[in-house]
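Taking it in order: structure first as structure tokens, then the write-up.
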Amino acid sequence: SELAREALQAGSTLLIACGGDGTVSAVASALVGTPARLGILPRGTANSIAGHFGIPSSLEEACNVITQGREHVVDTAVVNGRSMLLMATVGVHAEAITGADQALKRKYGVLAYVFKEISEMTSDSLFAAEVQTDGQSLACEASAITASAKLYRLDASELQ
């Protein structure tokens with residue numbers, strides 16, 4: 001995100017993130033509230049963000065999306081001081097994403113997340129939680145909570 005902020009300060013209006021969800025989220029967080037656009041070249045393990053936007057994993061096809069594709073507008077939120085681009089999660093899912101072994105990710109891809117999540121679920125992973133939204137509150141015990149952002153699919157002409 002620091003490099004993205006430097007690029008914005010230098011006048012860049014299109015930033016391209018080449019990496020996985022962590023890299024894309026870091027670059028996107030620098031763009032929040034600016035008129036700049038984000039291009040994505042998916043190179044991570046799961047590429048959830050690129051998948052939600054319909055960006056193919058082929059570099060050539062992803063470049064075509066950047067130069068000719070549709071633009072998407074995404075609601076963002078700030079969670080614990082970090083921008084949330086697609087979702088924020090706590091509990092076993094978050095532990096699986098952040099704790100998956102790098103060697104297993106290289107060898108098995110997204111299955112490494114499944115292995116880690118299964119190992120997390122076998123422990124006593126329930127926690128007390130209170131979720132508040134739109135003036136309503138829900139107290140519960142959970143093993144995971146996920147909040148997702150709303151995705152808008154627009155033609156570039158609709159943004160002008």
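The values are calculated or read from the model by the stated rules, or taken from the named source; none is laboratory data. These figures come from a predicted structure and were not determined experimentally. For neighbour counting, all protein chains shown are included, and Cβ atoms are generated from backbone atoms with ideal geometry for every residue, glycine included. Quick note on the areas: whole protein, heavy atoms, side chains included, nothing else; ligands and nucleic acids left out. Shrake-Rupley method; radii C 1.70, N 1.55, O 1.52, S 1.80 Å.
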Computed over the chain: longest principal axis from alpha-carbon atoms vs helix 59-68 long axis, angle to nearest 10 degrees, is 60
In degrees rounded to 10, the 0-90 angle between helix 111-121 Cα long axis and the longest Cα principal axis of the chain is 30
Probe 1.4 Å, all chains present, heavy atoms only: Leu111 accessible area in Å², nearest 10, is 80
Kirkwood radius from Cα pairs of the chain plugged into Stokes-Einstein at 10 °C, 1.306 mPa s, gives D in µm²/s equal to 91
For the stretch 24-31, Karplus-derived ³J(HN,Hα) couplings (6.51, -1.76, 1.60; θ = phi - 60°; whole Hz; x for glycine and proline) come out as 4, 5, 4, 5, 4, 4, 6, 8
Listed residues Ile145, Ile55, Ile40; largest mean-square fluctuation, Gaussian network over the chain with Cα springs below 10 Å, found at Ile145
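Can you give the FRET efficiency for Thr122 and Ser1, using 1/(1 + (r/R0)^6), R0 = 45 Å, r = Cβ-Cβ distance, to the nearest 0.05?
Details: r = 35 Å, r/R0 = 0.78.
With a Förster radius of 45 Å, E is 0.80.
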Bridge orientation stat for the stretch 10-125 from DSSP, antiparallel percent rounded to 5, came to 35
Restricting to Cα pairs under 8 Å and 6 or more apart, the percent relative contact order of the chain works out to 21
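Within the chain, which is the longest segment that contains none of the trypsin sites (Lys or Arg not before Pro) sitting in a DSSP loop with at most 15 other Cβ atoms within 10 Å? Could the numbers behind the result be given before it?
Details: sites that count: Arg70, Lys150.
The longest such stretch corresponds to 71-149.
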